[in-house]
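Working notes, structure below.
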Amino acid sequence: YLSEALMDAVAAYLDMPKIAVYEVAHFYSMYKLKPVGRHCINVCASISCQLCGTQKVVEHLKQRLGIGLGETTSDGRFTLNKVECLGACARAPVVQIGKTYYDNVSPQSLDQLLEELP
């Protein structure tokens, strides 16, 4: 994640105003401004995924993990995020964990997947 001290150091290194660095960090969803879990679960929120059950997936994950969107479990294992598009519409609903995409997910398939993660 990008701490304030780190963003300030980047601004100093690039000889630019701190606000310019903060703006970039806040704009792009791949930059996190607070610590995240070992496994970041990104649930696609595109229209294709929405039509194929993203909301059920999100509600299941929130209940199972005991956290809301943008939050991290108390053990630091999982962070749950909703992202705009993962670019895999033909295989909706899609979830990304780390660098891996999981397509046509269901609450049941996610339960199995979460059990297998270290």
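Rounded to the nearest 500, the 222 nm mean residue ellipticity of the chain from helices alone is -12000 deg cm²/dmol, with -39,500 (n - 2.57) taken per DSSP H run of at least 4 residues. Given axes a ≥ b ≥ c from the Cα gyration tensor, I'd like to know whether the stretch 26-68 is rounded (a/c under 1.5), prolate (a/b larger than b/c) or oblate. Note, shape of the stretch 26-68 comes out oblate. Once backbone amide H atoms are built at 1.01 Å from N, residue 39 has 78, 79 as its partners under 5 Å, excluding neighbours fewer than 5 places away on the same chain. Among the trypsin sites (Lys or Arg not before Pro) within the stretch 40-94, those in coil by DSSP and having at most 16 neighbouring Cβ atoms inside 10 Å are 77. With both residues required to sit in the chain, DSSP beta bridges show an antiparallel share near 55%.
Which of the listed residues, 46, 61, 10, is farthest toward the dipole's positive end in the stretch 1-79, when Lys, Arg count +1 and Asp, Glu count -1 at the beta-carbon? Value: 61. Full extension of the chain between residue 101 and residue 30 yields a length gain of 24.0 nm, computed as 0.36 nm times the residue separation minus the alpha carbon distance. Can you run the Rg to Rh ratio on the chain? Use alpha carbon positions and the Kirkwood inverse-distance Rh. Ratio of gyration radius to Kirkwood radius: 1.05.
Cross-link pairs exceeding 21 Å between alpha carbons, from the set 32/62; 56/82; 32/56; 34/82; 18/82: 32/56; 18/82. Output the 0 to 90 degree angle, nearest 10, between the alpha-carbon long axis of helix 107-116 and the longest principal axis computed from the alpha carbons of the chain. Once rounded, the angle reads 60 degrees.
Since every read-out is calculated from the coordinates, none of them should be taken as a lab result. The structure displayed is predicted, hence computed values, not measured ones. Every residue, glycine among them, receives a Cβ derived from its backbone with ideal geometry; neighbour counts consider all protein chains shown.
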